[in-house]
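A quick write-up on the structure given underneath.
The values are calculated or read from the model by the stated rules, or taken from the named source; none is laboratory data. Note that the structure is a prediction, hence the values are computed from the model and not measured. All Cβ positions, glycine included, derive from the backbone under ideal geometry; neighbour counts span all protein chains shown. Remember, those area values only see protein heavy atoms, side chains included, never the ligands or the DNA or RNA. Shrake-Rupley method; radii C 1.70, N 1.55, O 1.52, S 1.80 Å.
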Amino acid sequence: MEGVSREIRLVARPRGFPDEDLFEVAETSIPDPGDGQVLVRNAFFSVDPYMRPRMNDVRSYVAPFTLGEAMTGGAVGRVAASRDERFAAGDWVLHYLGWREWALSDGAALRRLDPEAAPVSTALGVLGMPGFTAWYGLFALGRPQEGETVLVSGAAGAVGSAAGQMAAIAGCRVIGSAGSAEKLAWLRELGFDGVFDYREQSPREALAELAPDGVDIYFDNVGGDHLEAAIGALRTYGRVVACGSISRYNDAEPSPGPRNMFLVVTKRLRIEGFIIRDHYERFGEFVTEASEWVRDGRLRYRETVVEGIENAPKAFLGLLRGENIGKMLVKVGPDE
């Protein structure tokens, strides 16, 4: 196919907080699909916190980005041409070749979407990996019981906002932390019972006011002082769902851990981490349940959309600074 596709490449490793000089916009020719291949015109791709550790040259549960090559991540787009009988031109699909305008797939990781059921962008947010992360972490690991108190950090993000609303659906009292007055207002709209701005009040002080009798579950997206405060506030047999530690992802040197870990023993706490890619056998169950919640208004969502692939690095760094409300997306093509 004639034409040019743009993509974002990582050209250097960060130390501390990244800057835009670590990325470059590169042009490539739009390829023609070969046997078994599918050409997709991307509409949206996702920027996510887990991508920050992938910028380091350290192997973890997912390989680091390769310098000089296009970055990858979740994306939705429309099939432009196909030589795979499972997909036809015009199909909407989810795949993991984001950070580019056009993607050539071997079809192995493509999932067809129904644009009539929900906006295609939700496959990257509330009905995609972030929503599934919230659902699995809360219900499989947190195991909320009606009447319990749940604390969610990073509560205005894609995962946190979903986790808090799901805890409310389970009949729990929900407390959320976020970093601006606008975010707190949105959390109140969503039905959070208590909220605080961690930039204005320490988590320890906030929990003393909002949960004087303690909390039962802490859904941790932040780590750092939030985790220490939560350990102090958790009741006996409390649970920590360890989802992420975005407050530590840009540290140039390791930071000390919580100073009150002895309470894990005395309170008989359970701290369990998880990687959502290990649990996709339950994705269908999640989508069925969450789609119903979205339709009936019990699970609401917001999207922060940045236009243009050239602005993808800015969107990603904005995510790390907490500038988004809900899911952060980059729009790189038509989504009719």
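Looking for whichever is over 22 Å from A230 (Cβ atoms), open to solvent by 70 Å² or more (accessible area, probe 1.4 Å) and not in a helix (DSSP H, G or I) here; the options are R277, R300. Which one fits? Show your work before the answer.
On the way: R277 fails: not in a helix (DSSP H, G or I).
Answer to the selection: R300.
Go through the residues of segment 45-66 one by one and say whether even a single one is at pLDDT 95 or above and more than 26 Å from G326 (Cα to Cα).
The answer is yes; a qualifying residue exists.
Identify the residue in segment 21-53 that is in contact with a strand residue (DSSP E or B) (Cβ under 9 Å, 6 or more places away or on another chain) and among the charged types (D, E, K, R) and, among all such residues, is farthest from P130 (Cα to Cα).
Out of the qualifying residues, it is D32.
Kindly state which helices (runs of 4 or more DSSP H) lie completely within segment 173-249 and contain at least 2 residues that are without any contact (Cβ under 8 Å) to a residue 40 or more places away in the chain and under 21 Å from the mean Cα position of the chain (by Cα).
So the answer is 181-190, 224-233.
Any idea which residue in segment 132-159 is nearest to the chain's Cα centre (by Cα), counting only those that are β-branched (V, I, T) and either farther than 17 Å from V47 by Cα or at pLDDT below 95 (or both)?
Per the criteria, the residue is V152.
When you go through R282, R268 one by one, which is the residue that is of a type in the set (D, E, K, R) and on the phi > 0 side of the Ramachandran plot?
Numbers: R282 fails: on the phi > 0 side of the Ramachandran plot.
Being of a type in the set (D, E, K, R) and on the phi > 0 side of the Ramachandran plot holds for just one of R282, R268, which is R268.
Taking V195 and the conditions (1) open to solvent by less than 10 Å² (accessible area, probe 1.4 Å); (2) touching a Leu at 6+ places or on another chain (Cβ under 6 Å), which numbered condition does it fall short on, given that it satisfies the others?
For V195, the failing item is (1).
Residues in segment 260-271: is at least one in a loop (DSSP other than H, G, I, E, B) and under 18 Å from the mean Cα position of the chain (by Cα)?
No, there is no match, as no residue in segment 260-271 is in a loop (DSSP other than H, G, I, E, B) and under 18 Å from the mean Cα position of the chain (by Cα).
Go through segment 124-156 and count every residue that is open to solvent by 10 Å² or more (accessible area, probe 1.4 Å) and part of a loop (DSSP other than H, G, I, E, B).
Looking only at that region, the number is 9.
Are any residues in segment 23-61 within 21 Å of I246 (Cα to Cα), out of contact with any Pro (no Cβ under 6 Å at 6 or more places or on another chain), of a type outside the set (K, R) and open to solvent by less than 30 Å² (accessible area, probe 1.4 Å), and if so, which ones?
Hits for segment 23-61 are F45, S46, V47, D48, M51.
How about segment 92-107: which of its residues are assigned to a loop (DSSP other than H, G, I, E, B) and surrounded by 19 or more Cβ atoms within 10 Å (Cβ to Cβ)? Show your work before the answer.
Filtering segment 92-107 for residues assigned to a loop (DSSP other than H, G, I, E, B) gives 96, 98-99, 101, 106-107.
Across segment 92-107, the qualifying residues are G98, W99, E101.
If you take the residues in segment 311-336 that are assigned to a loop (DSSP other than H, G, I, E, B) and surrounded by fewer than 23 Cβ atoms within 10 Å (Cβ to Cβ), which one is modelled with the lowest pLDDT?
Here the answer is E336.
Condition check ((1) aromatic (F, W, Y); (2) touching a Ser or Thr at 6+ places or on another chain (Cβ under 9 Å); (3) at pLDDT below 95) across all residues:
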position: S82; (1), (2), (3): no, no, no
position: G90; (1), (2), (3): no, no, no
position: V93; (1), (2), (3): no, yes, no
position: A103; (1), (2), (3): no, yes, no
position: A108; (1), (2), (3): no, no, yes
position: R112; (1), (2), (3): no, no, no
position: A117; (1), (2), (3): no, yes, yes
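Among residues belonging to segment 1-43 that are assigned to a loop (DSSP other than H, G, I, E, B) and acidic (D, E), point out the one that is farthest from G107 (Cα to Cα).
So, considering only residues that are assigned to a loop (DSSP other than H, G, I, E, B) and acidic (D, E), the one farthest from G107 (Cα to Cα) is D19.
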